[in-house]
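Enquirer: Take a look at the following structure, please.
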């Protein structure tokens with residue numbers, strides 16, 4: 001289960017996400033479908049660890065750049 005959190009207006013490129021505890025791997029890229037379009041998100045930083053979930057920072061990335069691991 002993943003939950004997108006609101007982002008700061010000052011940081012339009014960086015967003016936060018809740019993921020299951022222990023699933024954070026820096027640099028991993030996730031693919032998501034939003035409507036008919038594929039979006040890619042790169043996990044950047046572990047911000048906080050909770051009992052069940054971790055709060056992480058991610059950025060949207062273009063899949064046209066170099067090889068990457070997709071989860």
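The values are calculated or read from the model by the stated rules, or taken from the named source; none is laboratory data. Note that this is a predicted model, so its numbers are computed, not measured. As a convention, Cβ positions derive from the backbone with ideal geometry for all residues, glycine included, and neighbour counts pool all protein chains shown.
Enquirer: For the list (1) at pLDDT 85 or above; (2) not in a loop (DSSP other than H, G, I, E, B), I need the number of the one condition that residue 4 fails.
Expert: For residue 4, the failing item is (1).
Every residue, every condition in (1) under 14 Å from the mean Cα position of the chain (by Cα); (2) at pLDDT 80 or above; (3) assigned to a strand (DSSP E or B); (4) surrounded by 10 or more Cβ atoms within 10 Å (Cβ to Cβ), yes or no:
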residue: 8; (1), (2), (3), (4): no, no, no, no
residue: 18; (1), (2), (3), (4): yes, yes, yes, yes
residue: 25; (1), (2), (3), (4): yes, yes, no, yes
residue: 30; (1), (2), (3), (4): yes, yes, yes, yes
residue: 40; (1), (2), (3), (4): yes, yes, yes, yes
residue: 43; (1), (2), (3), (4): yes, yes, yes, yes
residue: 56; (1), (2), (3), (4): yes, yes, yes, yes
residue: 59; (1), (2), (3), (4): yes, yes, yes, yes
residue: 65; (1), (2), (3), (4): no, no, no, no
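Enquirer: Still on this structure: Which of (1) within 10 Å of the chain's Cα centre (by Cα); (2) at pLDDT 90 or above does residue 52 not meet, given it meets every other one?
Expert: Among (1) within 10 Å of the chain's Cα centre (by Cα); (2) at pLDDT 90 or above, residue 52 violates only (1).
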